[in-house]
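Contents: one structure, followed by commentary.
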Number of protein chains: 2
Amino acid sequence: MTADVPVRIFDTTLRDGEQAPGAGLTVSEKIEVARQLARLNVDVIEAGFPAASPGDFEAVNTIARETKGIAVAGLARCKDGDPQRGVEALLPAEKPHLHLFIATSDIHLVHKLKMSREQALKAAVEWVAYARKRLGPDAEIEFSAEDASRTEHDFLLKVYEAVVDAGATTVNIPDTVGYAIPAEFGELTRKVVDRVGSGAVISVHCHNDLGLATANTLAAVQAGARQVEVTVNGLGERAGNASLEEVVMALRTRPTEFKVAGHRINTEQISNASRLVSYLTGFTVQPNKAIVGRNAFAHESGIHQDGVLKNALTYEIMTPQSVGLSGSRLSVGKLSGRRGLQGKLAQLGYDLSGEQLDKVYQQAIALADTKKEVTDADLTALVEAQATNAGAVEEMTSDSPVKLVDWSVSSGKGGIAKGAVSLLVKGQAVEAMAEGNGPVNALFVAVDKAVEPVLGWYPRLAEYEIRAVSGGEDAQGAVMVRARRSVDPEDTAETVNGHGLSTNIIEASLEAYLAGLEKLLRHETASLEARKETLV
Amino acid sequence: MTADVPVRIFDTTLRDGEQAPGAGLTVSEKIEVARQLARLNVDVIEAGFPAASPGDFEAVNTIARETKGIAVAGLARCKDGDPQRGVEALLPAEKPHLHLFIATSDIHLVHKLKMSREQALKAAVEWVAYARKRLGPDAEIEFSAEDASRTEHDFLLKVYEAVVDAGATTVNIPDTVGYAIPAEFGELTRKVVDRVGSGAVISVHCHNDLGLATANTLAAVQAGARQVEVTVNGLGERAGNASLEEVVMALRTRPTEFKVAGHRINTEQISNASRLVSYLTGFTVQPNKAIVGRNAFAHESGIHQDGVLKNALTYEIMTPQSVGLSGSRLSVGKLSGRRGLQGKLAQLGYDLSGEQLDKVYQQAIALADTKKEVTDADLTALVEAQATNAGAVEEMTSDSPVKLVDWSVSSGKGGIAKGAVSLLVKGQAVEAMAEGNGPVNALFVAVDKAVEPVLGWYPRLAEYEIRAVSGGEDAQGAVMVRARRSVDPEDTAETVNGHGLSTNIIEASLEAYLAGLEKLLRHETASLEARKETLV
């Protein structure tokens, strides 16, 4: 590899990231994220694990069909059935990238696969050769040795050599359990580069169990790796994966430390990507998260403020603008109608027009009536609420299966609350009242009582997340619920999420619950998590 | 330094961590955190910056007086006035540790201090010698070269040599702007160890702007550093500091990579420390945060679950128990009264008895009436709510200046809400009604209207945070508000935080607001952030 090759950014937010317990996305949400990854200009979008579930297959297949100019990857085990489904899902892709893996560490071979080293090596070679034949000479075939960092080095190198001979063009070194320390991981990468670097791109995939995923990834780049597998917000199983924004901004901020030609990421899209992924998965980003946390560019102490005012370089090594933070606040009153809003949204990275723009405009005006200051965060929340409902809206228009006619709630000292709702469910008017240990609980129970006679089931709440969008007394509350059906004859264990946004947190909660109910009704389900098998 | 010296864990949660915008703690909250740091068994507690404000002085002084067996540190600039205040604050400490600093990078010298290198060197030596004289031969005197990682190396080494000659026993290398990459930071540390390692302990202090604070800290340990400056949850200015839990667990999980005799931390106290700091500061910990995130030990995918069932080692490099996660769920019904609860709380790391235990017991029983399952998270939240009010409770008993007599709220479609409160403020009965764009807003405005005639001011809300403690339909909501006085004749810019906890999120919000009001009334203020000058 030469110094003038940029590092290839392989984003696995939609595969390893989405695998985080509680982060499951529906197909339409995955497509929304893929569009943002395209705006970020990542090199590869790993869209899912086609053999894991029909939903995962559909997501990979749809993203493969729709994405132009960017490679689309799908994961597959080296096991009959998986590579075939992977190939099938990727066939429509302009740039297909099949990602095959098998475990190589003794601990995984003995306890999980119950295979010998020789059997694992044989399976790896066999399926790499199969994929090369099916996808042709131009496709990218990547091979991952699961738990590579705990694999005996001689065997690991032997496997990599064999798969490159069989047609792999990328070999990946996963630190599956987040066990590696940068110095040793750099050394391991160097060995792999020395052995097969002339025939394949060397890739790394690091987990963050000890807080070292970004550092291990960068140590590997210093040692010659030229593909990095990362996720937005560091999302992923357990403590997550190396974070795209940290790796990308480190490469950009310290170019002399890395003998590579940087990367092709539009860093100005980082903040939008972070917000979208956090919003859709319900995974908060902590204030002190590097690059994308609320405080990442905030200076508190007198000395710091003083230094920043005198010369930003004293305490800032990156500008907020470089990651797409405008830092500005606006009042909607100042906007000259739809066009002004459109311009403002463009600054925030959203390209809206027509009906979508109209809808956000109306909501922004309504919000300005109830809230003194409509901030960038408020607008972003509105657009994202719009985006998640967009897939649904296209198909349903006026014949929405659930319509909220009226609701009311009262509560007082002691905490007991009474709620009433009136709904149209599949065109049928229903209403119910209920008590609860709080107003949200009372309304949710009222919804359950109202819909059960019509549907035979009601939504069973699995998770409830609430946060304040901005700081003030009149802040909007953003609510996310995850729910499944109380009765599920098909035993699909499908869960959906619903979002709500309002200055009234009770209303936001009800909206979110009804959005979830609607998705359950429409079978627009998240990946079948119970059946999903993955890894790396 | 020899291999059999444990790494000294210098915790700066209460100094650099507390400096994070929005994380300010009151003196009694700082003392609560210091007690938990003692349970963790850190080697040094940096308790604050005595010259920054009277509150900071009081916190350092009180913690110095109360803490036995653990060193207590205070920060001071190399500038007339600061070291004197620092010495004074630390005088009652069993093991005083004065932490002096001055910037040494040209960019800081030119743009911030407007000093020459020679002037900075002279100030450093002068104040180190002063501190040594005042605190005697046994005290720990630490010197930090602010922005060391961007300081010209020859000058940096010259400064370190001079301060060690003048009496410094620890020299610290801060990566103030989070700019360093592990390989280069390790090299810099090695140079410092070679030059002054025989006369002083070498320490590092890393910021996380590029996500590399933990890795840089560990690279320095590999290069011979024997003190690490860390914070719980990686709290700190901007993207925060190296995280205590990550550094400590990496040292413990990979002992062969570090030629040191580990550390003395009771890792089983890590989860409690994380929850307490998150609760008091209102800084959430993201689900995918290493070690202490909700998902850090959660396994989702079929392959992972399968592997974990077959052999935990396939995907777990640490046990949840090693960081104090019991992972159990309990139903309070099963507890045999107060004693059963006491035992359960002991498992969770809380030692409660007498009146405190009674109070938590009553709350747990009441909670069990409104909520199907009382989880560990619920109990932890109750105990922590108890702990934060403890300082206040001791002094106020029945003559609490604010008492909630009654409240009610109603809301319905359209979002407008009406609220009413009835309070006793300094013994005087007041009541008011108000409308708002949501029930929380309506009640807060009603409180404002009720108290202003009596007090001449009302609380002005600066931040409002809300989260669900657990997942279910009947989850408790935990609310934190930050507020200051609407009229502040003394212009102290003091802010306080108030916490509320209830299955009714409206009630939790009202409780939090009134807790904040009470603190403002009692002048139990957070550090005077506007006046605080700090750094490193």
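The values are calculated or read from the model by the stated rules, or taken from the named source; none is laboratory data. Keep in mind the model is a prediction, meaning the values are calculated, not measured. A quick note on method: Cβ atoms are made from the backbone with ideal geometry, for glycine too, and the neighbour counts reach across all protein chains shown. Accessible surface areas use protein heavy atoms only, side chains included; no ligands, DNA or RNA. Shrake-Rupley method; radii C 1.70, N 1.55, O 1.52, S 1.80 Å.
Of the listed requirements (1) closer than 18 Å to residue A:483 by Cβ; (2) within 11 Å of another protein chain (Cβ to nearest Cβ); (3) crowded, with 22+ Cβ neighbours inside 10 Å, residue A:460 misses just one: (3). Could you list all residues from segment A:503-514 that are open to solvent by less than 10 Å² (accessible area, probe 1.4 Å) and of a type outside the set (A, V, I, L, M, F, W, C)? A:504, A:509, A:513, listed by residue number. For segment B:414-440, taking the residues that are at pLDDT 90 or above and in contact with an Asp or Glu (Cβ under 6 Å, 6 or more places away or on another chain), the one that is least open to solvent (accessible area, probe 1.4 Å) is identified as B:422. Among the residues of segment A:225-267, those identified as in a loop (DSSP other than H, G, I, E, B) and open to solvent by 10 Å² or more (accessible area, probe 1.4 Å) are A:226, A:254, A:259, A:260, A:261, A:262, A:263, A:264, A:265, A:266.
Among the conditions (1) modelled with pLDDT under 70; (2) more than 12 Å from chain A (Cβ to nearest Cβ); (3) open to solvent by less than 40 Å² (accessible area, probe 1.4 Å); (4) part of a helix (DSSP H, G or I), the only one that residue B:330 does not satisfy is (4). Only one entry in B:198, B:149 is closer than 24 Å to residue A:251 by Cβ, open to solvent by 10 Å² or more (accessible area, probe 1.4 Å), out of contact with any Lys or Arg (no Cβ under 8 Å at 6 or more places or on another chain) and more than 10 Å from chain A (Cβ to nearest Cβ), namely B:149. Among the residues of segment A:154-190, just one is among the aliphatic types (A, V, I, L, M), closer than 18 Å to residue A:142 by Cα and touching a His at 6+ places or on another chain (Cβ under 9 Å), namely A:173.
Being touching a residue at least 24 places away in the same chain (Cβ under 8 Å), more than 18 Å from the chain's Cα centre (by Cα), over 20 Å from residue B:182 (Cα atoms) and buried (at least 23 other Cβ atoms within 10 Å of the Cβ) is a property that does not hold for residue B:215.
Each residue in segment B:493-508 was checked for being assigned to a helix (DSSP H, G or I) and more than 18 Å from residue B:278 (Cα to Cα), and 3 pass.
For residue A:283, indicate whether it is in a loop (DSSP other than H, G, I, E, B), open to solvent by 30 Å² or more (accessible area, probe 1.4 Å) and modelled with pLDDT under 90. Answer is no for this residue. In summary, helices (runs of 4 or more DSSP H) completely within segment B:120-222 and bearing 3 or more residues that are of a type in the set (D, E, K, R) occur at B:153-165, B:182-196. The condition (being within 14 Å of chain B (Cβ to nearest Cβ) and among the acidic types (Asp, Glu)) is satisfied by just one residue among A:106, A:80: A:106. Here residue A:159 qualifies as more than 30 Å from residue B:292 (Cβ to Cβ) and either buried (at least 24 other Cβ atoms within 10 Å of the Cβ) or in contact (Cβ under 8 Å) with a residue 12 or more places away in the chain (or both). The set of residues from segment A:218-247 being small (Gly, Ala, Ser), within 16 Å of the chain's Cα centre (by Cα) and facing chain B (nearest Cβ under 8 Å) comprises A:234, A:236, A:239, A:240, A:243.
Can you confirm whether residue B:335 is modelled with pLDDT under 80, more than 30 Å from residue A:294 (Cα to Cα), open to solvent by less than 50 Å² (accessible area, probe 1.4 Å) and more than 14 Å from chain A (Cβ to nearest Cβ)? It is true that residue B:335 is modelled with pLDDT under 80, more than 30 Å from residue A:294 (Cα to Cα), open to solvent by less than 50 Å² (accessible area, probe 1.4 Å) and more than 14 Å from chain A (Cβ to nearest Cβ). Please go through (1) under 24 Å from residue B:70 (Cα atoms); (2) away from chain A (no Cβ under 14 Å); (3) among the small types (Gly, Ala, Ser) for residue B:144 and return the number of the only condition it doesn't satisfy. Result: residue B:144 passes all but (2). Among the residues of segment A:484-501, is any at pLDDT below 90, open to solvent by 30 Å² or more (accessible area, probe 1.4 Å) and closer than 30 Å to residue A:374 by Cβ? No: zero hits.
One residue stands out in segment B:162-185 among those that are open to solvent by 10 Å² or more (accessible area, probe 1.4 Å) and over 25 Å from residue B:135 (Cβ atoms): the one that is nearest to the chain's Cα centre (by Cα), namely B:179. Residue count for segment A:428-457 satisfying the condition of being within 14 Å of chain B (Cβ to nearest Cβ) and not polar (S, T, N, Q): 16.
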